[in-house]
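Peer 1: This is the structure I want to talk about, given as structure tokens.
The values are calculated or read from the model by the stated rules, or taken from the named source; none is laboratory data. Keep in mind that this is a model prediction, so the values were computed, not measured. No Cβ is skipped: glycine too gets one built from the backbone with ideal geometry, and neighbour counts run over all protein chains shown. The area values use the complete protein model at the heavy-atom level, side chains included, leaving out ligands, DNA and RNA. Shrake-Rupley method; radii C 1.70, N 1.55, O 1.52, S 1.80 Å.
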Amino acid sequence: MNQASPMMEQYKAVKEQHPDKLLMFQVGDFYELFFEDAQVAAREMEIALTSRDAGSDNPIPLAGVPVHSAETYLNRLLSKGHKVVLCEQVEEAQQAKGLVRREITRILTPGTITDPEMLDENRNNYLVTVINHNHDCYGLAAVDISTGDFRVTEQRGEGAWDNISDELHRLQPSELLCGSPETEQLCRKQFAMKKSGLIEQLPYIPVLNESKDLIAQQWGDNTWSALSLDNYPLAAAAGASALAYLQLLQQLPAGEKLFHRLDLYFTNRYMIIDNVTARNLELTRSLREGGKQGSLLGLLDRCMTAMGRRLLRRWVELPLLKKNNIEERLDVLDEYRHKPLQRRELRKVLQDIFDLERFCSRLSYHRVNARDLVALKKTLLQIESLKKMIADFQSFLLKDIGANMPDFVSLINLIDMAVVDDPPLSLKDGGLFKTGYNEEADHLKAVAQESNTVLLDFEKKERERTGIKSLRLGYNRNFGYYIEVTRTNLELVPPEYQRKQTLVNAERFTTGELQKMEEQITGARDKLASLEYALFEELRDKISAYTDQLLSASDNLACLDCMQGLAEVAERHSFCRPVFSGNKDMLIRQARHPVVEQSVFERFVPNDIHMDKKHYLLVITGPNMAGKSTYIRSAALIAVMAQMGSFVPAGEAELPILDRIFARVGASDDLSRGQSTFMVEMQETAGILKEATSDSLIVLDEIGRGTSTYDGMSIARSVLEYISREIKAKTLFSTHYHELTDLEGNLPGVKNYTIAVKEKGKQVIFLRQLVPGKADKSYGINVARLAGVPLEVLIRAEKILNELEMAASSAGDQQLSLLPMVSEPSSDYTRELEIIDQLKELDLNRITPLEAIQKLYDLQKQLLDYEHIDSEEEFG
Ligand code: ADP
Ligand code: MG
């Protein structure tokens with residue numbers, strides 16, 4: 001057995017403190033991982049797995065990455081849900097007596113990243129804690145330490161978990177810590193299908209008094225009572241747990257105020273959009289790619305700043321409920337519409353505004369350098385000109401933003417007087433400050449500069465004294481100042497010259513005088529560098545005093561940016577201002593689906609949406625691909641957009657204020673989830689029937705598909721009956737069960753619509769036009785033909801269809817006929833079938849070649865004539 005080296009002993013001691021994390025242990029220029037950590041890291045970071053002491057009996061698995069490029073590797077580990085401990089050398093190897101001292105310098109977890117390089121600036125990176133009491137009381141805290149965003153909420157009673165779960169889907173935490181094993185289980189189930197961040201149990205939950213202390217430390221003694229946290233003990237506990245966790249990670253230095261605001265919020269103060277609805281409507285993620293592109297957010301996001309983009313996501317996810325608040329935003333958009341030039345100017349200025357919110361967070365972590373301050377100055381200058389521009393606008397919100405924008409003139413001056421325009425990256429080497437900022441620094445700078453002339457004089461003097469014309473004074477990092485004499489002149493070198501270094505063609509010397517000068521010069525330089533560093537810390541603290549103003553500016557800018565972005569989209573796509581008339585009708589003329597509209601090749605055909613007290617339950621039939629799903633979703637999207645304060649894709653829109661939206665898609669349309677789809681569909685439907693009110697909008701897309709025809713249809717029918725009689729919610733129901741159209745006239749509120757198609761020979765032409773009434777057939781076979789299904793299969797399908805229809809009609813069972821009636825028997829494929837039959841019947845042994853040619857000609861002509869008629873009709 002080989003004895004563990006002292007370094008490995010050191011390693012093991014650190015590892016024991018953090019068995020659940022990957023330990024990256026600095027060894028010279030590398031971070032090294034050992035044992036199991038090495039195996040995990042090699043796999044996750046895609047680096048080579050080697051071993052330490054390879055020749056020995058007990059080689060230790062080893063993986064390493066260079067310190068200078070560690071960030072990318074770290075990023076990979078964190079994004080895969082690992083936690084990492086960085087243990088670094090804290091003294092120079094040369095100075096160390098024996099083993100180099102090492103300390104834990106950082107503990108990184110997916111939810112506590114502050115490095116901007118490792119984050120997507122367009123979205124928050126949340127660490128979330130969830131605390132529960134029994135099964136109906138939950139507190140949640142969401143913390144983004146890269147922005148200083150800290151919010152807590154509490155949900156009680158039936159449906160509490162559902163609301164928390166919806167909020168988790170909105171927050172998309174990269175680290176989720178639960179107060180109990182049960183909650184952890186629930187969370188795991190929620191995110192089971194997706195590659196998610198970390199889900200774990202909280203290592204520690206503070207008791208009440210401790211919670212009060214933690215919260216008071218961050219936000220002051222009054223916060224607890226100001227937010228009435230006694231009434232929201234679980235929200236407070238969740239917040240305090242998050243703080244305690246950050247302390248454990250050494251991310252919350254004692255006495256530092258990292259989070260400037262504690263936001264107690266309640267999602268039921270917004271329009272409720274549950275997670276399934278958000279997904280089906282593709283609010284922030286497209287179903288196909290899963291990304292922002294192709295979603296409503298992707299379309300609406302014309303923001304110019306990172307703060308704006310992060311806020312807009314929240315606006316889309318949580319539309320407003322109060323008419324006043326909505327109208328305030330709409331007023332701004334309206335004013336922008338009438339002042340397009342001013343808005344464009346504003347947009348241009350916003351472009352040069354950096355991420356003020358994340359800057360503030362880095363400021364509290366002391367992670368800003370001189371270049372950040374120059375960037376801050378530029379941003380503040382832009383804010384000053386924005387303020388002037390906003391003064392030209394009248395709408396309330398803009399006036400409010402203008403009035404609340406703090407005055408940054410003194411801060412701008414402070415930075416401007418202090419920091420040079422193009423400072424170096426490092427804070428340690430000086431060169432940061434302008435002349436005139438600090439007297440002592442100016443003096444030291446002068447000394448350093450003067451030394452140049454002194455050195456030149458010295459060089460000249462030595463040349464003359466020794467008679468060596470090529471004598472040269474030089475400097476390098478390792479040897480300092482030297483006198484260089486070429487080999488040919490060596491005999492002229494005076495005896496007091498001391499040899500420093502030998503080169504191929506020359507020797508380098510120093511003298512007592514030169515050494516003295518050197519000490520003075522480097523002394524001044526070192527002094528200057530450390531003085532500048534101290535001055536910088538002082539300046540940073542002065543700027544920290546402005547944090548509240550900077551954050552307030554950041555909020556105002558985000559809001560300003562969101563609204564100019566929405567105005568930009570509205571202008572580009574000709575959206576109109578929605579009207580909330582107060583009566584509960586939804587009357588939309590020429591509605592469009594904002595996202596599909598962008599992707600269709602043909603012209604997008606707008607349609608009206610008309611729902612009032614008499615007709616609030618629209619049953620929409622029509623063949624596959626006609627545009628049913630698109631139509632019913634457009635109503636929901638218009639409602640979401642309007643209540644977030646955006647213009648909407650329509651000619652005119654009079655809307656009610658909706659308390660919530662439900663959107664469900666029949667199971668067979670949604671195979672991505674792998675669960676028993678029909679079961680899921682029924683659970684979701686049950687949820688709607690429990691929670692919808694007459695102020696809700698329900699969008700049901702082919703519900704009842706996931707089971708046999710009769711089951712599905714019966715369920716669909718009874719759901720409609722229940723909505724019609726009990727809930728009276730506005731409902732859009734698309735279905736391929738044509739039988740359901742007989743509800744019109746028999747059930748209050750129901751009206752039938754269909755999306756018109758035209759038949760041309762064997763083809764259907766989609767007109768995309770919504771018309772009252774019902775579809776007379778399903779055209780499934782025509783669509784199959786469009787899709788390129790082989791002819792033989794189409795012919796067979798047509799035969800089966802005919803037989804089934806005949807059987808159904810002879811049974812006299814019109815009400816529940818299995819298949820829809822066909823208005824006239826289609827003879828399209830029969831003709832092709834006949835031609836094939838003729839070919840089959842040909843007895844090739846009995847006809848002459850000439851007859852064969854003749855027959856071939858005949859058959860071809862029959863086919864061609866037929867297609868000719870077809871195409872003529874299409875263009876005629
Ligand atoms: P359905 O639900 O009836 O099967 P979809 O709503 O999925 O049909 O629409 C199918 C396709 O038809 C869409 O992807 C889109 O390309 C196109 N489409 C739908 N509605 C319209 C419209 N109003 N104008 C133009 N194209 C449309
Ligand atoms: Mg559909």
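Peer 1: Under the classification rounded if a/c is under 1.5, otherwise prolate if a/b is larger than b/c and oblate if not, where does segment 512-594 fall, given a ≥ b ≥ c as square roots of the Cα gyration tensor eigenvalues?
Peer 2: Prolate, since a/c reaches 1.5 and a/b exceeds b/c.
Peer 1: Now a separate question. Using per-residue counts of other Cβ atoms within 10 Å, averaged over each peptide, order 363-372, 231-240 from highest down.
Peer 2: 231-240, 363-372
Peer 1: Here's another thing I want to ask about it. I'd like to know which of Gly666, Ser694, Gln351 lies farthest towards the positive end of the charge dipole of the chain, counting +1 on Cβ of Lys and Arg and -1 on Cβ of Asp and Glu.
Peer 2: Gln351
Peer 1: Next up: Just going by the charge dipole of the chain, with Lys and Arg at +1 and Asp and Glu at -1 on Cβ, which of Val207, Tyr365, Leu283 is farthest out on the positive end?
Peer 2: Of the listed residues, the answer is Tyr365.
Peer 1: Let me ask something additional. Please report, in Å, the Rg and the Dmax of segment 143-204, where both are computed over Cα atoms only.
Peer 2: Spelled out, the Cα radius of gyration and Dmax of segment 143-204 are 11.9, 34 Å.
Peer 1: How do the peptides 261-267, 624-630 rank, highest first, by the average count of neighbouring beta carbon atoms within 10 Å per residue?
Peer 2: Order by mean packing, descending: 624-630, 261-267.
Peer 1: Assign unit charges at the C-beta atoms only (+1 for Lys and Arg, -1 for Asp and Glu), then state the dipole size of the chain relative to its Cα centre in Debye, rounded to the nearest 20.
Peer 2: Here the chain has a charge dipole of around 1080 debye.
Peer 1: Using the Kirkwood formula over every pair of different C-alpha atoms, what hydrodynamic radius in Å results for segment 58-102? Spell out each step's value before the answer.
Peer 2: On the way: mean 1/r = 0.0771 Å⁻¹.
Evaluated on segment 58-102, it is 13.0 Å.
Peer 1: Rounded to the nearest 0.05, what FRET efficiency do Arg123 and Leu791 give with R0 = 41 Å and r taken as the Cβ-Cβ distance? Could you check? If you can, show how the numbers build up before the last one.
Peer 2: On the way: r = 50 Å, r/R0 = 1.22.
After rounding, the FRET efficiency stands at 0.25.
Peer 1: Same structure again: When a/c is below 1.5 the answer is rounded, else prolate if a/b is larger than b/c, else oblate, so apply that to segment 321-365 with a ≥ b ≥ c taken from the square roots of the Cα gyration tensor eigenvalues.
Peer 2: In terms of gyration-tensor shape, oblate.
Peer 1: Given a Förster distance of 25 Å, report the FRET efficiency between Asn268 and Ala403 from their Cβ-Cβ distance, rounded to the nearest 0.05.
Peer 2: Plugging the Cβ-Cβ distance into 1/(1 + (r/R0)^6) gives 0.25.
Peer 1: Once the convex hull of the alpha carbons of segment 1-154 is built, what does its volume come to per residue, in cubic angstrom? List each step's numbers first, then the result.
Peer 2: Values: hull volume 24.5 nm³, N = 154.
Dividing the Cα hull volume of segment 1-154 by its residue count gives 159 Å³.
Peer 1: Hey, what number do you get for the chain at 222 nm if only DSSP H runs of n ≥ 4 count, each worth -39500 (n - 2.57), divided across all residues, to the nearest 500?
Peer 2: Taking each H run of at least 4 residues, the total per residue is -14500 deg cm²/dmol.
Peer 1: Taking the dipole about the Cα centre of segment 68-171, with the C-beta of Lys and Arg at +1 and of Asp and Glu at -1, give me whichever of Thr112, Ala93, Val152 is farthest to the positive side.
Peer 2: Result: Ala93.
Peer 1: For segment 266-348, which trypsin sites (Lys or Arg not before Pro) are both in a DSSP coil and crowded by at most 13 other Cβ atoms within 10 Å?
Peer 2: Numbers: sites: Arg269, Arg279, Arg285, Arg288, Lys292, Arg302, Arg309, Arg310, Arg313, Arg314, Lys322, Lys323, Arg329, Arg337, Arg343, Arg344, Arg347, Lys348; in loops: Arg285, Arg288, Lys292, Arg302, Lys322.
Filter output for segment 266-348: Arg288, Lys322.
Peer 1: Ok, one more. Determine the share of segment 157-282's accessible area contributed by carbon and sulfur atoms, expressed in whole percent, with a 1.4 angstrom probe.
Peer 2: Answer for segment 157-282 is 48 percent, counting heavy atoms of protein chains only.
Peer 1: Subtract the Cα-Cα distance of His338 and Gln598 from 0.36 nm times their separation in residues, and report this length gain in nm to one decimal.
Peer 2: The span from His338 to Gln598 would gain 91.1 nm if fully extended.
Peer 1: Next question, about the same structure. Expressed in nm to one decimal, what extension gain is obtained for the pair Ile47 and Asp541 from 0.36 nm per residue of sequence separation less their Cα-Cα distance?
Peer 2: Difference between extended and current length: 173.7 nm.
Peer 1: Which of the GluC sites (Glu not before Pro) across segment 126-216 are loop residues per DSSP, with 13 or fewer other Cβ within 10 Å? Write out the running numbers ahead of the final one.
Peer 2: Working: sites: Glu154, Glu158, Glu167, Glu175, Glu182, Glu184, Glu200, Glu210; in loops: Glu158.
Answer by residue number: Glu158.
Peer 1: Local charge sum around Lys584 (other residues, Cβ-Cβ under 11 Å, Lys/Arg +1, Asp/Glu -1)? Present the calculation step by step, with values, prior to reporting the outcome.
Peer 2: Working: positive: Lys613, Lys728, Lys730; negative: Asp585, Asp612, Glu654, Asp695.
Local net charge: -1.
Peer 1: Could you tell me which trypsin sites (Lys or Arg not before Pro) in segment 27-97 are loop residues by DSSP with no more than 10 other beta carbons within 10 angstrom of their beta carbon?
Peer 2: Lys97
Peer 1: To continue, here is another question. Could you give the length gained by full extension between Ala96 and Tyr365, i.e. 0.36 nm per residue of separation minus their alpha carbon distance, to one decimal place?
Peer 2: So the chain would gain 93.9 nm between Ala96 and Tyr365.
Peer 1: Then there's this: Just the Kirkwood number for segment 192-283, please: inverse of mean 1/r across all distinct Cα pairs, in Å, one decimal.
Peer 2: 15.5 Å
Peer 1: Roughly speaking, what % of Cα-Cα pairs in segment 521-663 are separated by over 20 Å, rounded to a whole number?
Peer 2: 62 percent
Peer 1: Determine how many Å³ per residue the convex hull of the Cα atoms of the chain encloses.
Peer 2: Roughly 315 Å³ of hull volume per residue.
Peer 1: Going Cα to Cα from Lys760, which lysines come in below 23 Å? Please leave out same-chain ones fewer than 8 positions away.
Peer 2: Counting by Cα, and skipping residues close in sequence, Lys760 has these lysines nearby: Lys628, Lys774, Lys777, Lys799, Lys861.
Peer 1: Next question, about the same structure. When the dipole is taken about the Cα centre of segment 227-329, and only Lys, Arg (+1) and Asp, Glu (-1) are charged at their Cβ, what size is it in debye, to the nearest 20?
Peer 2: So the dipole magnitude of segment 227-329 works out to roughly 320 debye.
Peer 1: For segment 434-513, compute the orientation-averaged projected area of the C-alpha convex hull (one quarter of its surface), in nm².
Peer 2: Mean projected area for segment 434-513: 6.5 nm², to one decimal.
Peer 1: Moving to a separate point now. Report the antiparallel proportion of the DSSP beta bridges in the chain as a percent, rounded to a multiple of 5.
Peer 2: 65 percent
Peer 1: Step through the table entries Lys212/Lys542; Lys339/Lys377; Lys445/Lys527, compare each Cα-Cα distance with 18 Å, and write down the pairs that go over it.
Peer 2: Lys212/Lys542; Lys339/Lys377
Peer 1: Mind putting a number on the dipole of segment 119-185 about its Cα centre? Charges go on the C-beta only, +1 for Lys and Arg and -1 for Asp and Glu, and I need it in Debye to the nearest 20.
Peer 2: Approximately 120 debye in magnitude.
Peer 1: Provide the packing ranking of 609-615, 108-114, i.e. peptides ordered by the mean count of other C-beta atoms within 10 Å per residue, highest first.
Peer 2: 108-114, 609-615
Peer 1: Let me ask something else about it. Kindly report the accessible area of the chain per residue (heavy atoms of protein chains, probe 1.4 Å, no ligands, DNA or RNA), in Å².
Peer 2: 48 Å²
Peer 1: Calculate one ³J(HN,Hα) per residue across segment 373-385 by plugging θ = phi - 60° into the Karplus curve 6.51 cos²θ - 1.76 cosθ + 1.60, and present them in order as whole Hz with x for glycine and proline.
Peer 2: Per-residue couplings from phi come out as 5, 5, 4, 4, 4, 4, 4, 5, 4, 4, 4, 4, 6 Hz.
Peer 1: In addition: Lysines near Lys292 by alpha-carbon distance under 20 Å, same-chain residues fewer than 8 away left out - which ones?
Peer 2: The qualifying lysines are Lys194, Lys195.
Peer 1: What does the net charge come to around Ala650 if you take all other residues with beta carbon closer than 12 Å to its beta carbon, with K and R at +1 and D and E at -1?
Peer 2: Values: positive: Arg577, Arg589, Arg592; negative: Glu597, Asp608, Glu652, Glu654.
Every neighbour counted, the sum reads -1.
Peer 1: Just read off the accessible area of Asp352 with the full protein assembly in place, 1.4 Å probe, to the nearest 10 Å².
Peer 2: Spelled out: Asp352, probe radius 1.4 Å, area about 90 Å².
Peer 1: Grab the other residues whose beta carbon is less than 12 angstrom from that of Glu841, score K and R as +1, D and E as -1, and report the net.
Peer 2: That works out to 0.
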